[in-house]
Amino acid sequence: WTYTVHLNLNVPFLVTQKFVPAMKASSWGRIINIASMQSNRAFPNGISYGAAKGGVAQLTSAMAEAWSAYGITANALAPGFFLTKQNRALLTNTDGSLTHRGQQIIDQTPMGRYGTPDDLVGTTLWLCGEESKFVTGVVIPIDGGFAAYSGV
């Protein structure tokens, strides 16, 4: 619990605290936190991670409320399922084929695939630019439609 909450909730807060004074002084800043699908949805074995990521969603809202008047936006990305070192064993077999759970996830993702790092680039760049200057306090899912899929 302590490590997971520290890494996923405390660290984004503490890092941001270091940059906000300079952002305020320049009347401009962009904060992009990393939320999760677990920010607002429970997953098996995810109590501490889900609680921390739920906190990231609220932290993002609170940052937006506190600092938007200074020209600072605060938003978060909520990545969907990406193949990572952490989840590869759960989602793929040693031969590279999908596990049962891995196939379930693909079946529940309307785009029919896992995310790739490239899928995060466009939204991240947009949030960093002037085009998104009136967007603050939101969590944006980057999940291939997973959150929208009802399973029916």
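Just so you know, all these numbers are worked out from the coordinates, no wet-lab data involved. In this text the structure is predicted, and so the values were computed from the model without any measurement. Please note: Cβ atoms are built from the backbone with ideal geometry, for glycine as well, and neighbour counts cover all protein chains shown.
Measure out, as a whole number of angstrom, how far apart the alpha-carbon centroids of segment 115-130 and segment 57-107 sit.
13
From the square roots a ≥ b ≥ c of the eigenvalues of the alpha-carbon gyration tensor of segment 34-120, which class results: rounded (a/c under 1.5), prolate (a/b over b/c), or oblate? Walk me through the numbers on the way to the answer.
Details: a/c = 3.03, a/b = 2.12, b/c = 1.43.
Cα axes put segment 34-120 in the prolate bin.
Considering all alpha-carbon pairs of the chain, what whole percent are spaced by more than 19 angstrom?
Details: 6638 of 11476 pairs.
Of all Cα-Cα pairs in the chain, 58 percent lie more than 19 Å apart.
Could you pull out the longest piece of the chain with no exposed loop chymotrypsin sites (Phe, Trp or Tyr not before Pro) in it, calling a site exposed if DSSP puts it outside H, G, I, E, B and it has at most 11 other Cβ atoms within 10 Å? Intermediate values should be presented prior to the final figure.
Values: sites that count: Trp1, Phe134.
It works out to 2-133.
Going by alpha carbons, how many degrees (0 to 90, nearest 10) lie between the helix axis of 11-26 and the longest principal axis of the chain?
40
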